[in-house]
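Below is one structure; the comments refer to it alone.
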Amino acid sequence: MLYLVPTPIGNLDDITLRALRVLREVDLIACEDTRRSGHLLDHHDVDTPTTSYHEHNEREKTPELIARMRVGHDIALISDAGSPGISDPGFYLTRACREEDIDICPLPGPTALIPALTASALPSDRFVFEGFLPKKQGRQTRLTELSTEPRTIVLYEAPYRLLRTLDDLIEHFGPERPAAVARELTKKYEEIERGTLEEVRAYFAGCTKVRGECVVVVQGVS
Ligand code: SAM
């Protein structure tokens with residue numbers, strides 16, 4: 001059995017009782033970064049063996065994990081933060097499980113996109129999650145496509161690219177489009193900045209340096 005176990009996006013207390021039980025009971029935890037996850041596992045007294053599983057080794061590592069699950073071992077997949085498979089490794093392994101008829105048990109839990117969306121005060125009845133925009137090739141095409149999207153759009157972004165992305169959104173969507181940026185969710189310096197794209201951009205342009213992880217939420221076209 002493969003368990004997909006979401007882990008905190010900042011605050012180490014944001015983990016469910018069931019997630020902790022599963023992490024203690026499985027035979028192996030496949031972690032995006034064993035050192036980073038080690039901190040979380042130590043904090044919660046989980047001493048299950050770990051192995052690394054990330055975007056650079058998932059192709060070689062998947063057959064090994066599948067072989068273990070085929071002989072009856074249970075494995076939990078966790079990423080550095082949030083839900084595995086959401087802009088993080090997971091899809092390659094779940095597809096292999098499906099091909100091999102191995103059960104997948106998904107646990108609900110932390111992810112950055114939902115709190116950013118619900119706190120944005122933008123319509124949350126229908127939304128589209130776009131993950132990270134392409135960095136170069138395909139970026140303009142994606143932005144052009146999204147400019148006519150009627151649902152609320154949720155994007156992930158690194159802090160050092162935030163202003164550039166807000167500039168691109170202003171260029172394609174216009175400066176008046178309502179938006180929000182949720183930064184450092186669940187952490188000490190959590191902030192949610194709401195306004196038009198232009199206002200949000202001006203706020204972050206006024207900060208000495210944008211730090212921490214960000215989710216950008218933009219209202220769809222009306
Ligand atoms: N698997 C994760 C999830 O379920 O949200 C996403 C992993 S992705 C590699 C990392 C991105 O998620 C960051 O660049 C940022 O856009 C977003 N993110 C993760 N933690 C966050 C936080 N505490 N506050 C705001 N955004 C966060």
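For segment 75-88, a residue qualifies if it is closer than 15 Å to residue 36 by Cα and more than 8 Å from the ligand (Cβ to nearest atom), and the qualifying residues are 77, 78. Being surrounded by 18 or more Cβ atoms within 10 Å (Cβ to Cβ) and modelled with pLDDT of 95 or more is the requirement here; does residue 103 meet it? No; evaluated as a whole, the condition is false for this residue. Do we find a residue being under 30 Å from residue 214 (Cα atoms), open to solvent by 30 Å² or more (accessible area, probe 1.4 Å), within 16 Å of the ligand (Cβ to nearest atom) and not assigned by TED's automatic domain parsing to the domain that holds residue 132 anywhere in segment 17-29? Looking through segment 17-29, none of the residues is under 30 Å from residue 214 (Cα atoms), open to solvent by 30 Å² or more (accessible area, probe 1.4 Å), within 16 Å of the ligand (Cβ to nearest atom) and not assigned by TED's automatic domain parsing to the domain that holds residue 132. Restricting attention to segment 154-181 and to residues that are of a type in the set (Val, Ile, Thr) and more than 16 Å from residue 192 (Cα to Cα), the residue that is most open to solvent (accessible area, probe 1.4 Å) turns out to be 170. Pairs linking a residue in segment 106-131 that is free of Cβ contacts under 8 Å to residues at least 40 places away in the same chain and at negative phi to a residue that is in a loop (DSSP other than H, G, I, E, B) and within 13 Å of the ligand (Cβ to nearest atom), with Cβ atoms under 7 Å and 6 or more positions apart or on different chains, do not occur. Here residue 53 does not qualify as touching a residue at least 24 places away in the same chain (Cβ under 8 Å), open to solvent by 20 Å² or more (accessible area, probe 1.4 Å) and either within 12 Å of the ligand (Cβ to nearest atom) or not hydrophobic (A, V, I, L, M, F, W, C) (or both).
The values are calculated or read from the model by the stated rules, or taken from the named source; none is laboratory data. This one's a predicted model, so the numbers in the text were calculated from it and none came from an experiment. All Cβ positions, even for glycine, are placed from backbone atoms using ideal geometry, and neighbour counts span all protein chains on display. All accessible areas refer to the heavy atoms of the entire protein, side chains included, with ligands and DNA or RNA removed. Shrake-Rupley method; radii C 1.70, N 1.55, O 1.52, S 1.80 Å.
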